[in-house]
Amino acid sequence: MIHSTTILAVRHKDRVAMGGDGQVSMGETTIKQSAKKVRRLYHGKVIVGFAGASADAITLVERLEEKLESFNGNLKRSAVELAKDWRTDRTLRRLEAFLLAVDQEYSFIISGTGDVIEPDDGLAGVGSGGAYALAAARALVRHTDLDARSIVEEAMKIAADICVYTNREIHIEEI
């Protein structure tokens with residue numbers, strides 16, 4: 001399990017939103033409160049969020065961006081090709097991070113073990129608070145009339161109340 005952050009993606013009511021907290025921790029110490037772990041790629045059409053070692057995650061985001069350029073923004077193909085590289089390349093294989101990537105059509109969890117997982121319900125969470133945010137988002141989708149962005153915001157606040165590696169400095173991007 002990566003003890004680092006919380007990233008949550010919610011696909012709901014023809015919108016997709018992704019949020020990440022801003023806390024950066026080294027061991028048990030918080031060293032930054034407002035890091036931006038959710039970013040737009042490929043002309044603003046793809047949103048990616050990362051959890052794990054910062055340098056590793058940024059390297060993977062850059063690689064995903066290269067793949068998106070190579071495959072004309074095709075997120076599905078780019079995610080699969082990144083996962084293949086990540087699993088087979090000696091240097092990349094050592095990177096410790098998870099990525100969430102979404103566009104108008106797809107949502108993927110991408111891991112270093114070669115996983116490219118598309119969630120059944122359009123909801124995905126990674127990082128140490130990912131399971132808490134995901135559970136909160138599922139409840140909010142089922143029992144409220146909130147839009148995707150509002151669900152991300154509320155679920156991230158709930159995760160921040162539970163996970164010590166997650167704070168309330170939430171950055172959200174939406175398509």
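The values are calculated or read from the model by the stated rules, or taken from the named source; none is laboratory data. Not measured: the values here are computed from a predicted model. FYI the Cβ positions are ideal-geometry reconstructions off the backbone, even for glycines, and counts take in every protein chain you see.
Being among the small types (Gly, Ala, Ser) and closer than 23 Å to residue 28 by Cβ is the filter; apply it to segment 139-175 and report the residue that is surrounded by the most Cβ atoms within 10 Å (Cβ to Cβ).
Here the answer is 159.
Within segment 21-42, track down each residue that is under 27 Å from residue 121 (Cα atoms) and in contact with a helix residue (DSSP H, G or I) (Cβ under 8 Å, 6 or more places away or on another chain).
21, 37, 39, 41, 42
Considering each of 65, 96 in turn, give the residue that is farther than 20 Å from residue 16 by Cβ and either surrounded by 14 or more Cβ atoms within 10 Å (Cβ to Cβ) or in contact (Cβ under 8 Å) with a residue 12 or more places away in the chain (or both).
Answer to the check: 96.
If we scan segment 46-56, do we find a residue that is more than 10 Å from the chain's Cα centre (by Cα) and either β-branched (Val, Ile, Thr) or modelled with pLDDT of 95 or more (or both)?
Yes, segment 46-56 contains at least one residue that is more than 10 Å from the chain's Cα centre (by Cα) and either β-branched (Val, Ile, Thr) or modelled with pLDDT of 95 or more (or both).
Go through segment 78-117 and give me each residue that's at pLDDT below 90, in a helix (DSSP H, G or I) and under 16 Å from the mean Cα position of the chain (by Cα).
Residue satisfying the conditions is 83 alone.
Charged (D, E, K, R) and at pLDDT 95 or above: does that describe residue 11?
yes
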